[in-house]
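Comments concern the structure below.
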Amino acid sequence: MTERKKVLGVYGAAGSHWVGDGFPVRTVFPSNAVRDLSPFLMLDYAGPTYFKPSDQPRGVEEHPHRGFETVTISYQGSVDHRDSGGNSGTIDPGDVQWMTAASGVVHEEKHGKDFTAKGGTFEMVQLWVNLPAAVKMSTPAYQAILSAQIPEVELGTGAYGRVIAGELNGIKGPARTFTPVSVFDVRLSAGGHGEIRLTEGTNSAIVLLRGEVAVNGSSLLKGEVQIAPLSVSGESVLLEAKTESLLLVLSGEPLKEPVASYGPFVMNTEAELRQAFADYRAGRMGHIN
Ligand code: MN
């Protein structure tokens, strides 16, 4: 019997705001309650939202990132991506895009063409993962992880986890990461329950996107999007669903390095932030062709 990670609290998300004209998101962290989940920097949840058919793709125009990774997980609807590295692709439901901005990427994120034309329900997560100082200025990279590449693990009864990154109950996920990072897409049916092994010494959190789930037999997460940060000590967590539930489980080794961040740049010092703005303005992060 391993010691379970303790639930440090259960918190809601901030109110909805728009990212560009395509993404009505609620920021789950950082918040006053959940400030430090290193290496995770931010999680935005675009809850299920209906978009009418349109001939003009909605989204975010060309903008930069440096010093970290953006992880986009599509649940419903699709996102088209184009970047200054010449990469492009569509993130369909079940797919994950793991973009390593590193020294600098300029990209645009728009609703997919088919989705835009047909309309429908859109639901997505964007997670920001910090990079250690040693690789913040390395060459950008891009991993298009298709749904079929993501292994699914049975966690108990009526409980399944898709392993996007890290290792879930012995099964490894496809994402390449620079430090130990786990991202699990967990689904439970009503009455379903399962145990997830996590690593001692990691920062971890349970993010309920929708449904109703008890963690470790007591703390209840319910409604649209709540987060339960977990203790650094402990090696597992028990999930029991009252209703059909969708969760993300995050776990990672803390970086223990200073963070200087502003907007789309996450560096270690103020001087590096100023350099990031100067490089972007001078066109040194490139442009979308
Ligand atoms: Mn972006």
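The values are calculated or read from the model by the stated rules, or taken from the named source; none is laboratory data. Every value quoted in this text rests on a predicted model; they were computed, and no experiment measured them. Positions of Cβ are generated from backbone atoms using ideal geometry, with glycine treated the same way; all protein chains shown enter the neighbour counts.
Assorted remarks:
- Whichever residue in the stretch 98-127 is of a type in the set (D, E, K, R) and within 20 Å of Ser147 (Cα to Cα) and, among such residues, is farthest from the ligand (Cβ to nearest atom): Asp114
- Restricting Glu253, Glu235, Glu240 to residues that are modelled with pLDDT of 95 or more and in contact with a Pro (Cβ under 7 Å, 6 or more places away or on another chain) narrows the list to Glu253.
- Any hit, the stretch 177-185, residues being surrounded by 15 or more Cβ atoms within 10 Å (Cβ to Cβ) and over 30 Å from Met137 (Cα atoms): no
- Gly22 meets the conditions (1) under 17 Å from the mean Cα position of the chain (by Cα); (2) over 19 Å from Asp185 (Cβ atoms) in every case but one. The failed one is (1).
- Residues in the stretch 186-200 that are over 16 Å from Glu253 (Cβ atoms) and either charged (D, E, K, R) or surrounded by 16 or more Cβ atoms within 10 Å (Cβ to Cβ) (or both): Val186, Arg187, Leu188, Gly192, His193, Gly194, Glu195, Ile196.
- For the stretch 112-127, the set of residues classified as over 18 Å from the mean Cα position of the chain (by Cα) and not charged (D, E, K, R) consists of Gly112, Phe115, Thr116, Ala117, Gly119, Gly120, Thr121, listed by residue number.
- When Met124 is tested against (1) under 21 Å from Gly12 (Cα atoms); (2) surrounded by fewer than 20 Cβ atoms within 10 Å (Cβ to Cβ), exactly one condition is not met: (2).
- Taking the criterion of being surrounded by 15 or more Cβ atoms within 10 Å (Cβ to Cβ) and within 13 Å of the ligand (Cβ to nearest atom), the residues of the stretch 49-62 that qualify are Gly59, Val60.
- A residue that is touching a Leu at 6+ places or on another chain (Cβ under 7 Å) and at pLDDT 95 or above can be found somewhere in the stretch 56-67.
- Taken together, the residues in the stretch 75-102 that are touching a residue at least 12 places away in the same chain (Cβ under 8 Å), part of a strand (DSSP E or B) and among the small types (Gly, Ala, Ser) amount to 1.
- Filter pass, Phe29 being within 26 Å of Ala133 (Cα to Cα), away from the ligand (no atom under 16 Å from the Cβ) and under 19 Å from the mean Cα position of the chain (by Cα): yes
- Search result, residues across the stretch 86-97 that are crowded, with 19+ Cβ neighbours inside 10 Å and either away from the ligand (no atom under 13 Å from the Cβ) or more than 26 Å from Phe277 (Cβ to Cβ) (or both): Ile91, Asp95, Val96
- Every test in (1) part of a loop (DSSP other than H, G, I, E, B); (2) surrounded by 15 or more Cβ atoms within 10 Å (Cβ to Cβ) is passed by Gly217 save one, and that test is (2).
- Qualifying residue in the stretch 107-118 (condition: among the aliphatic types (A, V, I, L, M) and surrounded by 18 or more Cβ atoms within 10 Å (Cβ to Cβ)): no
- Scanning the stretch 12-40 for residues that are buried (at least 18 other Cβ atoms within 10 Å of the Cβ) and among the aromatic types (Phe, Trp, Tyr), we see that the one that is modelled with the lowest pLDDT is Phe23.
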